[in-house]
Amino acid sequence: MRGRTGTTDEGLSPLARRTPDGPPPAPTVQRIRLRYTKRGRLRFTSHRDFQRAFERALRRSAVPMAYSAGFTPHPKVSYANAAPTGTGSEAEYLEIGLAEHRDPEALRRQLDESLPPGLDVTDAVEVATSNFVERLEASEWLLRLPGVEPAEAEKAAAVFLAAEAVEVQRMTKNGLRTFDARAAVAAMEIVPEGSALAGIGDDTATEGADDVRTGAPCAILRLVVRHATPAVRPDDVLSGLRSTADLAPPVPAEVTRLAQGPLDEQTGTVTDPLALDRAAAEVGR
Amino acid sequence: MTVESVFPRLEALLPHVQKPIQYVGGELNSTVKDWDACDVRWALMYPDAYEVGLPNQGTMILYEVLNEREGVLAERSYSVWPDLEALMREHGVPQFTVDAHRPIKAFDVFGLSFSTELGYTNMLTALDLAGIPLNAADRTTDDPVVLAGGHAAFNPEPIADFIDAAVIGDGEQAVLDITDIVRAWKAEGRPGGRDELLLRLAKTGGVYIPRFYDVEYLADGRIARVVPNRPGVPWRVSKHTVMDLDEWPYPKQPLVPLAETVHERMSVEIFRGCTRGCRFCQAGMITRPVRERSITGIGEMVERGLKATGFEEVGLLSLSSADHSEIADITKGLADRYAEDKVGLSLPSTRVDAFNIDLANELSRNGRRSGLTFAPEGGSERIRKVINKMVSEEDLINTVATAYGNGWRQVKLYFMCGLPTETDEDVLQIGEMAKNVIAKGREVTGTNDIRCTVSIGGFVPKPHTPFQWAPQLSAEATDERLTKLRDSIRGDRKFGKNIGFRYHDGKPGIIEGLLSRGDRRIGAVIRAVYEDGGRFDGWREHFSYDRWIASAEKGLAGTGVDVDWYTTRERSYEEVLPWDHLDSGLDKDWLWEDWQDALEEVEVEDCRWTPCFDCGVCPQMDTHIQVGPTGKKLLPLTVVDN
């Protein structure tokens with residue numbers, strides 16, 4: 001067991017590689033792209049946690065997966081651009097390789113039932129195009145800021161948008177990094193209370209408990225952020241709002257990714273990254 | 001009275017802590033029942049981190065057994081890490097269950113399962129966070145009954161101040177019996193308050209209530225006697241034994257966490273108990289007799305469990321899994337059945353002499369052939385006679401030769417250091433054994449690239465074993481002996497580089513020894529450690545030997561006894577041991593004879609295959625050995641509907 005009391009390990013170098021015997025795994029005959037969510041308390045699921053849960057769901061629902069070769073064959077699953085732990089999402093994407101053909105919608109339903117509520121599979125299309133990850137140009141985020149007056153947030157957003165550049169810092173694996181958070185922001189606006197968007201991401205009051213925030217002011221911020229390097233996260237934009245406009249939410253923001261996909265620069269909106277595959281499927285029919 | 005979820009308040013803290021997913025619940029196959037529709041409510045805690053506690057079979061079994069009952073509710077709780085503990089204290093969030101995030105204080109029974117004594121400080125953290133007084137004597141009718149179980153509960157005296165009750169042995173039927181008593185008492189309007197409830201439990205003879213016993217000491221610090229202080233309270237409290245495991249096919253729906261945990265597999269307990277008679281092994285002594293689950297019962301549990309979980313590995317658990325009377329048919333049947341599904345099989349505890357290569361081949365058929373692990377426990381033939389681990393070096397060498405011949409190239413060997421009568425020479429033999437293993441491997445495979453890892457744990461004498469009277473080896477002597485062994489391995493030019501060395505330093509073992517064979521006076525030590533910030537003592541980064549020693553000096557001041565008195569002191573036949581009034585079924589005279597046999601290097605057979613040698617358990621507990629073979633086979637496809 002890792003880290004248990006008082007163990008000292010004087011290890012060995014790994015053994016030379018062997019090759020597995022037996023027939024090679026069945027080939028991939030169909031690939032499916034899936035959109036899934038991380039909602040409510042399951043937004044605290046890390047990406048690794050999700051991977052394990054998803055692969056177990058595949059086994060429980062007996063999806064005919066294609067496997068990689070080797071001693072420990074892995075089901076063929078590739079994940080794109082996962083949202084950070086603690087961030088809710090309505091728009092995560094992954095792709096699976098199947099050893100037998102399946103109807104995408106039936107597969108979606110099957111997987112959705114097999115996953116715990118909150119990790120919901122909301123869309124499925126057969127893969128017909130390449131460069132999917134490149135199509136994920138930007139994300140649309142919704143930030144609930146409990147304890148912040150909407151008018152105050154409105155002012156701060158104006159200051160942020162008027163700035164040429166907004167330098168922020170974040171601790172990364174390679175130490176403290178300084179970068180611009182402004183250029184990546186394609187849109188920023190305050191969503192009025194009562195609009196359709198305002199309800200999203202507020203499903204955190206699980207188990208029938210009352211929302212303790214009821215009655216408190218809450219600004220809702222909608223962001224569209226380009227996927228750049230270094231990545232600019234909603235947290236970085238919040239640091240920028242703090243440094244440029246003194247916006248300091250009293251409690252952590254609740255962040256939800258609403259969409260990711262191609263960015264329409266004209267309207268500042270994010271469009272459906274599965275649209276091309278869907279269109280190809282329509283033609284095929 | 002509806003109890004509110006603390007989740008909204010907890011949720012605000014989660015963005016600030018490591019691995020928040022471990023606190024949110026929502027595991028596959030978890031259960032949230034309607035609070036108001038239940039009249040007996042259990043909070044079950046495994047007092048260690050979620051990643052260790054969630055896969056615990058005992059907790060999972062009781063959770064399911066209780067929740068299956070109409071009107072009964074069980075929820076789980078685990079220790080929170082210090083980062084969350086600090087925030088919970090700051091924001092007044094109490095210890096909670098992960099199922100519905102209800103506060104622990106609202107439950108009727110707070111059951112804690114102790115696999116190890118190192119969880120005691122975590123219990124105090126949980127009680128304090130829950131707002132439950134640490135001392136059982138200070139609790140009122142509004143507080144839950146704090147109930148300890150698990151192997152460590154076979155000597156609950158060190159935590160006697162903090163618990164209201166302890167149950168020893170199998171919990172399945174016991175929790176249901178306790179539920180009935182709690183239900184009746186509540187339905188009658190709680191007559192006589194907490195005291196009356198505890199008295200009703202005590203009178204069953206199967207629930208130990210420490211407050212109903214007085215401990216009297218001799219002038220030299222030893223115990224004079226332990227006496228019931230209430231009429232109707234039995235002199236000794238019996239362990240619980242479940243017969244016919246096929247009637248208890250739990251867990252049926254094992255929990256599947258989102259967070260990563262230490263065991264990610266579908267575990268099936270293939271038998272309970274062990275009569276191999278290894279003298280150091282508390283588990284083998286206190287879980288007698290052997291009770292096998294049938295091959296068909298195992299097959300049904302595996303089938304149902306895999307469907308319910310999607311796990312990719314099946315663990316066939318027991319104290320010595322290869323000893324199941326039909327283990328060959330079980331492993332072959334399961335490997336055949338799941339050949340297409342890439343399900344791996346594992347046998348966590350296997351003996352060298354019960355192991356054969358057909359078994360190993362079945363186990364590795366659907367998965368990797370990485371390493372084999374055996375536990376000779378002692379390096380020399382002599383010390384293995386002392387501990388009654390009847391494995392010869394020849395057995396071991398023959399087994400590994402076959403293993404290497406069949407494609408394995410790595411063998412892991414477990415040993416103990418500090419066994420009674422042990423000398424440097426016995427320990428140095430560990431290195432010799434590893435060298436012989438590698439030499440044999442090289443000979444069989446024709447390659448020099450052969451590995452052997454020796455893993456060494458410090459021996460801690462445990463209650464209810466023949467070694468309960470033995471002196472524990474001091475931390476310094478343990479470390480010295482291990483250093484000599486390491487030097488002899490590292491100094492070997494021919495084999496040194498192929499031997500891995502994994503060992504525990506002697507200090508944590510001394511604290512474990514203090515808690516294992518401690519009496520009620522140790523409660524003050526545990527409390528002092530907790531108050532000084534001691535938490536997660538099973539974790540290297542949290543355990544502090546110095547804190548324990550300083551707290552022991554403080555806690556034991558004026559008693560005339562100290563840490564050495566509890567650990568390195570040999571006990572005599574006449575001494576009243578702190579756990580003598582807890583009846584594991586083992587006849588104390590038999591244990592003493594077995595201790596004398598150990599000193600004379602006399603071995604004892606396994607009663608499954610030889611006549612009874614009168615350890616006392618079966619007649620005392622009215623139980624009997626249940627072993628196959630049943631002669632049944634696992635069919636390739638069994639459809640189980642339940």
Dividing the mean separation of Cα pairs under 8 Å (6+ apart) by the residue count of region B:7-238 yields a relative contact order in percent of 16
Cysteines in chain B that, by Cβ-Cβ distance, have no pairing candidate under 4.7 Å: B:38, B:274, B:417, B:452, B:607, B:612, B:615, B:618
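Please work out how much length the chain gains when fully extended from residue B:439 to residue B:624, using 0.36 nm per residue of separation minus the C-alpha to C-alpha distance, in nm with one decimal. Show your work: numbers first, answer last.
Numbers: separation 185, 0.36 × 185 = 66.60 nm, distance 4.45 nm.
Contour length minus the Cα-Cα distance gives 62.2 nm.
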How much solvent-accessible surface does residue B:101 expose, in Å² to the nearest 10, with a 1.4 Å probe and all protein chains in place? 0
Can you give me the Cα centroid spacing of region B:33-48 and region A:233-278 in angstrom? 41
Could you derive backbone 3J(HN,Hα) for region A:269-282 from the dihedral phi with the Karplus parameters 6.51, -1.76 and 1.60 (θ = phi - 60°), listing whole Hz in sequence and x where the residue is Gly or Pro? 10, 9, 10, 6, x, 8, 4, 5, 5, 5, 4, 5, 5, 4
Additional length obtainable on full extension of the chain from residue B:137 to residue B:177, 0.36 nm per residue less Cα span: 12.0 nm
Interchain or sequence-distant (5+) residues whose placed amide H lies within less than 5 Å of the amide H of residue A:248 are none
Accessible surface of residue B:589 in the full protein assembly, 1.4 angstrom probe, to the nearest 10 Å²? 70
On each of the three principal axes the extent of the alpha-carbon atoms of chain B, given in whole Å and largest first, is 75, 64, 53
Put one equal scatterer on each alpha carbon of region B:7-238, apply the Debye formula with no solvent term, and list log10 I(q)/I(0) at q = 0.09, 0.11, 0.13 1/Å to two decimals. -0.37, -0.54, -0.76
Which values, in whole Å and largest first, are the semi-axes of the equivalent ellipsoid of region B:487-526 obtained as the square root of 5 times each eigenvalue of the Cα gyration tensor? 39, 7, 7
With no solvent and one equal point scatterer placed on each C-alpha of region A:30-127, evaluate the Debye formula and give log10 I(q)/I(0) for q = 0.15, 0.20, 0.22, 0.24 Å⁻¹, two decimals. -0.54, -0.97, -1.16, -1.36
How many nm is it between the label spots at residue B:216 and residue B:553, if each spot is 7 Å from the Cα in line with the beta carbon? 3.4
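With N set to the residue count of the protein assembly as shown, report its C-alpha Rg divided by 2.2 N^0.38 Å to two decimal places.
1.02
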Given the protein chains as shown and a 1.4 Å probe, how many square angstrom of residue B:564 are accessible, to the nearest 10? 90
Would you rank B:211, A:35, B:225, B:291 by solvent-accessible area, highest first, keeping every protein chain in place and using a 1.4 Å probe? B:225, B:211, A:35, B:291
For region B:393-402, in order, what is each residue's ³J(HN,Hα) by Karplus, 6.51 cos²θ - 1.76 cosθ + 1.60 with θ = phi - 60°, in whole Hz (x at glycine and Pro)? 4, 4, 3, 4, 5, 4, 5, 5, 4, 5
Beyond 28 Å (Cα-Cα) in this structure, taken from B:19/B:105; B:307/B:633; B:33/B:203; A:38/A:173; A:38/A:76, we find B:33/B:203
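With every protein chain kept in the model, how would you rank B:481, A:102, B:279 by accessible area, 1.4 Å probe, largest at the top?
Heavy-atom accessible area, descending, gives A:102, B:481, B:279.
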Say the cut-off is 18 Å between C-alpha atoms; which of B:389/B:484; B:412/B:440; B:435/B:484 go over it? B:389/B:484
Phi-based couplings in Hz for region B:485-501 (Karplus 6.51, -1.76, 1.60; Gly and Pro marked x): 5, 4, 4, 5, 6, 5, x, 8, 6, 7, 10, x, 6, 9, 10, x, 10
Under 5 Å, built H, 5+ apart or other chain: amide partners of residue B:454: B:413, B:500, B:501, B:502
In whole Å, what are the Cα extents of region B:175-292 along the three principal axes, biggest one first? 47, 46, 32
Convex hull per residue volume in Å³, alpha carbons only, for region B:21-64: 93
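The values are calculated or read from the model by the stated rules, or taken from the named source; none is laboratory data. Note that this is a predicted model, so its numbers are computed, not measured. Here Cβ is always computed from backbone atoms with ideal geometry, including for glycine, and neighbour counts include all displayed protein chains. Surface areas here come from the heavy atoms of the whole protein model, side chains and all, with no ligands, DNA or RNA. Shrake-Rupley method; radii C 1.70, N 1.55, O 1.52, S 1.80 Å.
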